[in-house]
1. Read phi for every residue in the stretch 48-60 and hand back ³J(HN,Hα) as whole Hz from Karplus 6.51 cos²θ - 1.76 cosθ + 1.60, θ = phi - 60°, with x for Gly and Pro.
2. Mind listing the Cα extents of the stretch 16-85 along all three principal axes, in Å, largest one first?
3. Using a basic spin-label model with each label point 7 Å from the Cα along Cα→Cβ, how many nm lie between Glu20 and Thr49?
Amino acid sequence: MSTVTTRQTTVRNTSRNTTEADGLAIASFLLGLPGLLLFNIVLGPIAITLATLALVRGTGRRGRAVLGLVLGIASLAILAVTTATSHGVLMDFGS
């Protein structure tokens, strides 16, 4: 009796972890996409963190997690390039 209960609990926990990991993968993609244009410094690291957590937890949506990771890294790369090419000034309201 104990063995059956333990197996059912393990299956439920595994499916719950997969569902949570799938949600993290989707969230990383949805935050990484607008992070390319808006709020790069905030959305990029969040997308990278969520994608990494989803991959570590074994998501069923591996492609979406990898895409969220790539978009997060790309948003930080865009931020670095725009900061370097504008000499650290991203907006100039006084000229």
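Nothing in this text is a laboratory measurement; each read-out follows from the coordinates by a stated rule. Since the model is a prediction, treat every value here as computed from it, not as a measurement. No Cβ is skipped: glycine too gets one built from the backbone with ideal geometry, and neighbour counts run over all protein chains shown.
1. 5, 5, 5, 5, 5, 4, 5, 5, 5, 7, x, 5, x
2. Extents along the principal axes: 45, 15, 14 Å.
3. Using points 7 Å along Cα→Cβ, the separation is 1.6 nm.
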